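Peer 1: Below is a structure I'd like to ask you about.
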Amino acid sequence: MPAPSLPPGRPREVRGQDMPDLLRLDQAAFPDDPMRNSTLRQLLDMYADHLLVIEDDDGHLCAYVLATPPYKGESWIFSLGVAPAKRGKGLARTLMTKALETVRAEGASTVRLWVEPTNEPAKALYKSLGFTSDPEGARPDHFGPGAHRLGMTLKL
Ligand SMILES: CC(C)(COP(=O)(O)OP(=O)(O)OC[C@H]1O[C@@H](n2cnc3c(N)ncnc32)[C@H](O)[C@@H]1OP(=O)(O)O)[C@@H](O)C(=O)NCCC(=O)NCCS
């Protein structure tokens, strides 16, 4: 029997059958740079217990985060996305708080991420959680031509 769905707003681990919904969510959250189907599938397979999702009232995924299990004390926020219609309701903060709790319990002492230097909502969220920007500033073309990225780090 399938596990019963949790109430909306509560993070849960992703499931294999979430794949189509997760793809849709990623495309909605990152319309200019969605993940390839194959990349997302393999992330789901590798990190199912670290890929957290939130369902909306209709049972569709509306937010996700992937924080990698710590390696040598370091975890990465690989991706964080919320459906446009569901933003500003605290879903990203809920997911990040849960993800950080998880990797801290697993032994992470540092959490890192890359963010677009112009992504003010994301930077504000990360700063409010204690992340600091790399002192050297954004790395030009880090994700490819024109795709500059700023590194941010949290010490747990
Ligand atoms: C960035 C993103 C994940 C935030 O999701 P969200 O669910 O709307 O965020 P929350 O409602 O949990 O807000 C958490 C904090 O983010 C910041 N924030 C959110 N929206 C903001 C906005 N429009 N302007 C400025 N700060 C904002 C605030 O610090 C906010 O805290 P507060 O509500 O106490 O002020 C969401 O906008 C998104 O998916 N964007 C597209 C994908 C993306 O950029 N992902 C991050 C990649 S690094």
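Just so you know, all these numbers are worked out from the coordinates, no wet-lab data involved. Keep in mind that what you see is a predicted model, and the values were worked out from it rather than measured. Every residue, glycine as well, gets a Cβ built from its backbone with ideal geometry; the counts of neighbours run over all protein chains shown.
Peer 1: Would you confirm whether any residue within segment 53-67 is among the aliphatic types (A, V, I, L, M) and in a loop (DSSP other than H, G, I, E, B)?
Peer 2: No; the residues of segment 53-67 include none that is among the aliphatic types (A, V, I, L, M) and in a loop (DSSP other than H, G, I, E, B).
Peer 1: Name the single residue, out of those in segment 68-95 being part of a loop (DSSP other than H, G, I, E, B) and near the ligand (Cβ under 10 Å from one of its atoms), that is surrounded by the fewest Cβ atoms within 10 Å (Cβ to Cβ).
Peer 2: Among them, the one singled out is 88.
Peer 1: Picking from 121, 145, which residue would you name as being loosely packed, with under 14 Cβ neighbours inside 10 Å and not in a helix (DSSP H, G or I)?
Peer 2: 145
Peer 1: Let me ask something additional. In segment 128-141, how many are surrounded by 13 or more Cβ atoms within 10 Å (Cβ to Cβ) and not in a strand (DSSP E or B)?
Peer 2: Qualifying residue count, segment 128-141: 5.
Peer 1: What single numbered condition from (1) touching a residue at least 40 places away in the same chain (Cβ under 8 Å); (2) away from the ligand (no atom under 15 Å from the Cβ); (3) in contact with a strand residue (DSSP E or B) (Cβ under 9 Å, 6 or more places away or on another chain) fails to hold for residue 47?
Peer 2: If we test residue 47 against (1) touching a residue at least 40 places away in the same chain (Cβ under 8 Å); (2) away from the ligand (no atom under 15 Å from the Cβ); (3) in contact with a strand residue (DSSP E or B) (Cβ under 9 Å, 6 or more places away or on another chain), just (1) comes out false.
Peer 1: Here are 125, 100: which of them is in contact with a helix residue (DSSP H, G or I) (Cβ under 7 Å, 6 or more places away or on another chain) and aliphatic (A, V, I, L, M)?
Peer 2: 125 is the lone residue from the list that is in contact with a helix residue (DSSP H, G or I) (Cβ under 7 Å, 6 or more places away or on another chain) and aliphatic (A, V, I, L, M).
Peer 1: Please identify the pairs in which a residue from segment 102-117 that is within 16 Å of the ligand (Cβ to nearest atom) has its Cβ atom under 7 Å from the Cβ atom of a residue that is of a type in the set (Lys, Arg), counting only partners at least 6 apart or on another chain.
Peer 2: Pairs that qualify, where the first residue is within 16 Å of the ligand (Cβ to nearest atom) and the partner is of a type in the set (Lys, Arg), are 114/149; 115/123; 115/149; 116/149.
Peer 1: Among the residues in segment 100-116, are any under 19 Å from residue 11 (Cβ atoms) and among the hydroxyl-bearing types (Ser, Thr, Tyr)?
Peer 2: Yes, because at least one residue in segment 100-116 is under 19 Å from residue 11 (Cβ atoms) and among the hydroxyl-bearing types (Ser, Thr, Tyr).
Peer 1: How about segment 9-43: which of its residues are over 26 Å from residue 147 (Cβ atoms), free of Cβ contacts under 8 Å to residues at least 40 places away in the same chain and acidic (Asp, Glu)?
Peer 2: Correct list: empty.
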